[in-house]
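The values are calculated or read from the model by the stated rules, or taken from the named source; none is laboratory data. Everything numeric here is computed off the predicted structure, so don't read it as measured data. No Cβ is skipped: glycine too gets one built from the backbone with ideal geometry, and neighbour counts run over all protein chains shown. Accessible surface is based on the protein model in full, side chains and every heavy atom, while ligands, DNA and RNA are left aside. Shrake-Rupley method; radii C 1.70, N 1.55, O 1.52, S 1.80 Å.
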Amino acid sequence: MAISAVMPVFARTDIVFDRGEGAWLIAADGRRFLDFAAGVAVNSLGHVHPHLVAKLKEQADKLWHCSNLYRVAGQEKVAGRLVANSFADTVFFCNSGAEAMECALKVARRYHQAQGAKEKHRVITARGAFHGRTLATISAGGQEKHLEGFAPKVEGFDQVALGNLNEARAAVTSQTAAVVVEPVQGEGGILPCDPDYLRGLRAMADEFGLLLIFDEVQTGMGRTGKLFAYEWSGVTPDVMALAKGLGGGFPVGACLATERAARFMTPGSHGSTFGGNPLAMAAADAVLDVMLAPGFFEGVNAAAAKLWLGVRTVAAKYPKVFAEVRGKGLMIGLKCVGPNGDMVARLMANGLLTVAAGDNVVRLVPPLIIGDAEIKAAVAIIEKSAAELAAA
Ligand SMILES: *Cc1c(COP(=O)(O)O)cnc(C)c1O
């Protein structure tokens, strides 16, 4: 057999990490890396955060899983906290971002179809978007590289240019149910939406009776310096998908919605075996304990300001290496002049883990708890790597 036991769908770097400590990852061979990839924006509070470890261990000794056939106390608590701190009235728990988006798309179809508008199923999405790897979410994302070999596409997605309100409005038909956008497009290359664009989409949704869905799987849970990125714009969606940072490394996804949008999501209409199990809820609840504590976001924004200053200074010094710095909070994109993969590899060789994104971008998505020394160390590695690549 030539195929590896692990299905080879990832082009993996040849390294095995053995343990983590805050913003650091330690490889099995002892090498230490500053982790500005954070499991692709998942380890929101770094590795082995003491409060998360304590809460998860406490729950592990009591109850791991029990069915959604019964009330789950942790779900009621976490849902209550998410509702109290967002636009939403209700929350569905699942295990990943793609599932959270699937739920959001189902909420949108059902909202219209339960009211008799059987034709309404189409969803307007943005070019370059990423919403997950299920059949519906690769169709929503519309990227050829994700769709190849998986035809036929799930029908009903209309893609428009990100940021172009006229194009979005022109795409609305009598069959349109919803519009989906990432407030900062993540995998597409860290492209923040202008607040006016989000306001325009809100107005468009209201005018045509569509649901506005925000995919905050990557931007949510403090990544941009507020609990949810939409808070920067003041625009609230009808439905929102969360996942990545929500469990701090434990797989948890959530679909949040207003009562109006979700009122037809009645018993039997949707479900998940594992979604919102007690272990997952203990993790999410512990993450919220930390993020909702007074001063947490001041700390995130102060760290972000320092990191931005550092990377902007390096980028200005090496214009032949970096074309642009963009993003929001601790979600920073460094658009490269040369191949972004070369920069990711060079940074790693120098001890800094980052993630490539679309549009030739290197993503910095560190744990939200990074301190001054780690920011300084990361900026020094970025500078060293830029100098090496500029000289190459
Ligand atoms: C990562 C991501 C997803 C998919 O999440 P999975 O947990 O991998 O299914 C969806 N939307 C956005 C914006 C993401 O960044």
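Annotations
- Computed about its Cα centre, the charge dipole of the chain is approximately 20 debye, with only Lys, Arg, Asp and Glu carrying charge at their Cβ.
- Percent of Cα pairs exceeding the 21 Å cut-off, where the set is the stretch 15-154: 65
- Relative contact order (%) - criterion: Cα under 8 Å, at least six apart; region: the chain: 23
- Within the accessible surface of the stretch 63-291, defined with a 1.4 Å probe on protein heavy atoms only, the carbon and sulfur portion equals 54 percent.
- Amide H to amide H distances under 5 Å link N68 with no residue, where only residues 5 or more positions off or on other chains count and H is placed in the peptide plane.
- The alpha carbon convex hull volume per residue for the stretch 201-283 rounds to 102 Å³.
- Magnitude of the charge dipole for the stretch 145-247, about its Cα centre and with charges confined to Cβ atoms of Lys, Arg (+1) and Asp, Glu (-1), is about 220 debye.
- Straight Cα distances below 13 angstrom link K306 to the aspartates and glutamates E298, D372, E374, with same-chain residues fewer than 8 positions distant left out.
- The loop-placed trypsin sites (Lys or Arg not before Pro) in the stretch 85-131, going by DSSP, that have at most 16 neighbouring Cβ atoms within 10 Å of their Cβ come out as K118, R127.
- Debye equation applied to the C-alpha atoms of the stretch 63-291, log10 I(q)/I(0) at 0.09 Å⁻¹: -0.33
- Put a plus charge on the Cβ of each Lys and Arg, a minus charge on the Cβ of each Asp and Glu, and nothing anywhere else: the dipole of the stretch 63-291 about its Cα centre is then about 380 debye.
- Each residue of the stretch 81-88 is assigned a 3J(HN,Hα), and the resulting list reads 6, 5, 5, 5, 10, 8, 6, 7 Hz, derived from the Karplus form 6.51 cos²θ - 1.76 cosθ + 1.60 (θ = phi - 60°), x at Gly and Pro.
- A simple rule links phi to the HN-Hα coupling: the Karplus curve 6.51 cos²θ - 1.76 cosθ + 1.60 with θ = phi - 60°, which for the stretch 351-361 gives x, 10, 8, 9, 10, 6, 9, x, 6, 6, 9 Hz, with x for Gly and Pro.
- Antiparallel bridges, percent of DSSP beta bridges restricted to the chain (to nearest 5): 65
- Unpaired by the 4.7 Å Cβ criterion, cysteines found in the chain: C66, C94, C193, C336
- For the stretch 158-218, the direction-averaged projected area of the alpha-carbon convex hull comes to 3.9 nm².
- Here's how it looks for W24: its modeled amide H is under 5 Å from those of D35, H47, which are all 5 or more places away or on a different chain.
- Shape of the stretch 121-238, Cα gyration tensor, a/c cut at 1.5: oblate
- By the equivalent-ellipsoid construction on the alpha carbon gyration tensor, the chain comes out with semi-axes of 33, 26, 20 Å, ordered largest to smallest.
- Taking each of K77/K244; K120/K145; K106/K335; K244/K320 in turn, the alpha-carbon distance tops 24 angstrom for K120/K145; K106/K335; K244/K320.
- MRE, 222 nm, helices only [DSSP H, n ≥ 4, -39500 (n - 2.57), over the chain, to nearest 500]: -11000 deg cm²/dmol
- Fully extended contour minus Cα-Cα distance, from K376 to F208, at 0.36 nm per residue: 55.6 nm
- Solvent-accessible surface of the chain, averaged per residue with a 1.4 angstrom probe and all protein chains in place: 44 square angstrom.
- For the stretch 331-347, 3J(HN,Hα) computed residue by residue from phi via the Karplus equation (6.51, -1.76, 1.60; θ = phi - 60°) reads 10, 10, x, 9, 7, 8, 8, x, x, 4, x, 5, 5, 4, 5, 5, 4 Hz, glycine and proline entered as x.
- Distant-in-sequence amide contacts of G128, defined by a placed amide H-H separation under 5 Å and a gap of 5 or more residues or a different chain, comprise nothing.
- Protection proxy ranking of 82-90, 26-34, 339-347 - average other beta-carbon atoms within 10 Å, highest first: 339-347, 82-90, 26-34
- Scoring 246-254, 15-23, 355-363 by mean Cβ neighbours within 10 Å over their residues and listing the highest first yields 246-254, 355-363, 15-23.
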